[in-house]
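K.L.:
This is the structure I want to talk about, given as structure tokens.
Every number in this text was worked out from the coordinates using simple rules, so none of it is lab data. No experiment lies behind these values; they were computed from the predicted model shown. Reconstructed Cβ throughout: ideal geometry from the backbone, glycine too, with neighbour counts over all protein chains shown.
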Amino acid sequence: MAEHPAYPVGLRLSGRRVVVLGGGQVAQRRLPALIAAGADIVLVSPEATPSVEAMADAGEITWERRPYADGDLAAAWYALIATSDPEANTAASAEAERHRVWCVRSDDADLATAWTPATGHSEGVTIAVLTTEAKGRDPRHTAAIRDAVVEGLRDGTLVAPHHRTRTPGVALVGGGPGDPDLITVRGRRLLAEADVVIADRLGPRDLLAELPPHVEVIDAAKIPYGRYMAQEAINNALIEHAKQGKSVVRLKGGDPFVFGRGMEEVQALAEVGIPCTVVPGISSSISVPGAAGIPVTHRGVAHEFTVVSGHVAPDDERSLVDWPSLAKLTGTLVILMGVDKIGKIAETLVAHGRSPETPVALVQEGTTAAQRRVDATLATVAETVRAEDVKPPAVIVIGEVVNVGPEPAA
């Protein structure tokens with residue numbers, strides 16, 4: 001097998017069973033592309049990273065919380081073997097061979113029957129690059145070719161960018177609301193040059209699959225009311241890797257300074273003398289309503305909009321929001337992180353003068369393939385959230401602008 005080059009082919013996995021063994025970093029990086037391909041994914045692993053767990057909670061994959069067992073690959077079309085148990089990997093690889101299932105192995109590519117190419121996307125085209133020989137495979141070179149082609153397609157030149165000398169330090173990158181195409185050009189370039197990426201769950205996760213294999217991805221996912229990596233630990237990880245001379249990207253959802261605790265990270269880095277570049281991102285407070293057809297301002301309807309964190313209820317002593325004053329405004333109110341508190345928020349706004357018939361829109365998973373919009377009023381929103389099972393992340397828009405755009409799809 002080593003004497004012949006790999007045969008490149010595009011797998012059409014929509015609706016077909018794909019088995020992923022292991023719920024660690026490799027699975028976290030590869031699952032989004034499999035989900036985007038429409039595969040029927042079964043994850044077999046006793047444990048998973050927070051981001052992989054979130055995919056299971058969202059119903060994007062089926063998670064069987066156990067070790068690999070013989071027979072798991074019998075009905076599969078494709079398998080990704082990425083456990084930390086070499087014996088289990090070898091046994092699963094042998095099973096895949098018996099059942100003629102194309103199989104990728106993260107621990108030993110030479111023993112696999114398929115390789116994952118370095119992939120990129122531009123204008124509806126997927127670029128996949130493989131080395132031609134098993135011996136002497138150079139994943140960094142493969143990824144660099146992929147990057148050159150993608151960049152060339154995007155700017156119309158098909159010429160590889162000049163080599164850039166990477167400077168050790170940290171780049172605090174706002175990844176935008178979720179759609180990988182909505183990250184800034186500068187943010188994407190810094191991401192491509194990183195040695196280490198510390199990523200939030202709400203960052204554009206599809207971009208992680210484009211990273212070269214040598215890039216270390218650290219999961220700093222914060223699942224609402226679930227497990228999380230404490231902010232101090234995130235700060236320490238940024239400092240530790242930067243001090244090792246590495247180029248570090250802190251990839252955050254939206255904009256780093258809009259309820260993103262970005263300044264806390266900048267301050268922690270400044271205290272120890274580590275340079276930090278801040279790359280603003282598109283905030284979900286504006287982009288998600290826009291993606292759902294809702295302008296946050298509109299001539300003759302709203303001359304201002306206010307963005308509020310709803311992570312604590314109006315009657316919570318920790319709240320810093322002047323809710324009575326907000327109720328008196330006539331413009332648009334955009335609430336982030338407020339799905340489970342929207343009942344209390346609506347009650348407070350009505351109690352202080354806002355009409356109970358004020359339109360409300362909730363946009364869940366905005367700008368992603370899973371985006372959906374649910375409409376209500378201040379009087380009905382609490383029950384609507386329960387009845388429609390609206391889950392975070394969701395952006396809540398309150399005001400007459402909700403009714404300005406085209407009628408929402410049924």
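K.L.:
Please report V173, V196, V26, V125 as a ranked list, fewest other C-beta atoms within 10 angstrom at the top and most at the bottom.
P.N.:
Going from least to most buried by this count: V125, V196, V26, V173.
K.L.:
If amide H atoms are built 1.01 Å from N in the plane of the peptide, which residues on other chains or at least 5 residues away come under 5 Å of the amide H of T358?
P.N.:
Hits under the 5 Å cutoff: L378, A379.
K.L.:
Oh, and also: Go through 350-358, 232-240 and give me the packing order, highest mean Cβ count within 10 Å leading. Mind dumping the intermediate values first?
P.N.:
Details: 350-358: 14.3, 232-240: 16.6.
In decreasing order of mean packing, 350-358, 232-240 become 232-240, 350-358.
K.L.:
In vacuum, with every alpha carbon of region 285-402 counted as one equal point scatterer, what does the Debye formula give for log10 I(q)/I(0) at q = 0.10, 0.20, 0.23 Å⁻¹? Two decimals, please.
P.N.:
-0.25, -1.07, -1.44
K.L.:
Here's something else I'd like to know. Putting +1 on Lys and Arg Cβ atoms and -1 on Asp and Glu Cβ atoms, find which of P289, P324, A346 reaches farthest to the positive end of the dipole of region 272-356.
P.N.:
Ranked along the dipole, the leading option is P289.
K.L.:
Any chance you could check the Cα centroid distance between region 329-393 and region 255-320 for me, in angstrom?
P.N.:
Using only Cα atoms, the two centres lie 18 Å from each other.
K.L.:
What is the fewest-to-most order of R98, R201, R30 by other Cβ atoms lying within 10 Å of their Cβ? Please report the intermediate quantities before stating the final value.
P.N.:
On the way: R98 11, R201 21, R30 18.
Ascending Cβ contact count within 10 Å gives the list R98, R30, R201.
K.L.:
Would you work out if region 164-279 is rounded, prolate or oblate? Take a ≥ b ≥ c from the square roots of the eigenvalues of the alpha-carbon gyration tensor; rounded if a/c is under 1.5, else prolate when a/b is larger than b/c, oblate otherwise.
P.N.:
Rounded.
K.L.:
I want to check a number: in the chain, how many lysine pairs have alpha carbons closer than 27 Å, given a sequence separation of 8 or more or different chains?
P.N.:
Here the count comes out as 13.
K.L.:
Same structure again: Between 0 and 90 degrees, rounded to the nearest ten: what's the tilt of helix 139-155 against the longest Cα principal axis of the chain?
P.N.:
Once rounded, one gets 50 degrees.
K.L.:
Which of V258, V321 comes first, and how do the rest follow, when ranked by fewest Cβ neighbours within 10 Å? Show your work: numbers first, answer last.
P.N.:
Details: V258 20, V321 17.
Lowest to highest Cβ neighbour count: V321, V258.
K.L.:
Same structure again: Would you compute the Debye intensity of the chain from its alpha-carbon atoms alone, equal scatterers and no solvent, and pass along log10 I(q)/I(0) at q = 0.07, 0.12 Å⁻¹ to two decimals?
P.N.:
-0.38, -1.05
K.L.:
Another question about this same structure. Return the sequence-ordered ³J(HN,Hα) values of region 230-239 in whole Hz as given by the Karplus equation 6.51 cos²θ - 1.76 cosθ + 1.60 applied to θ = phi - 60°, using x for Gly and Pro.
P.N.:
Calculated HN-Hα couplings, in order: 4, 4, 4, 5, 5, 4, 5, 5, 4, 5 Hz.
K.L.:
Let me ask something additional. What does the helix-only formula give at 222 nm for the chain: each DSSP H stretch with n ≥ 4 adding -39500 (n - 2.57), the total divided by the residues, and the result rounded to the nearest 500 deg cm²/dmol?
P.N.:
Dividing the helical sum by the residues of the chain leaves -8500 deg cm²/dmol.
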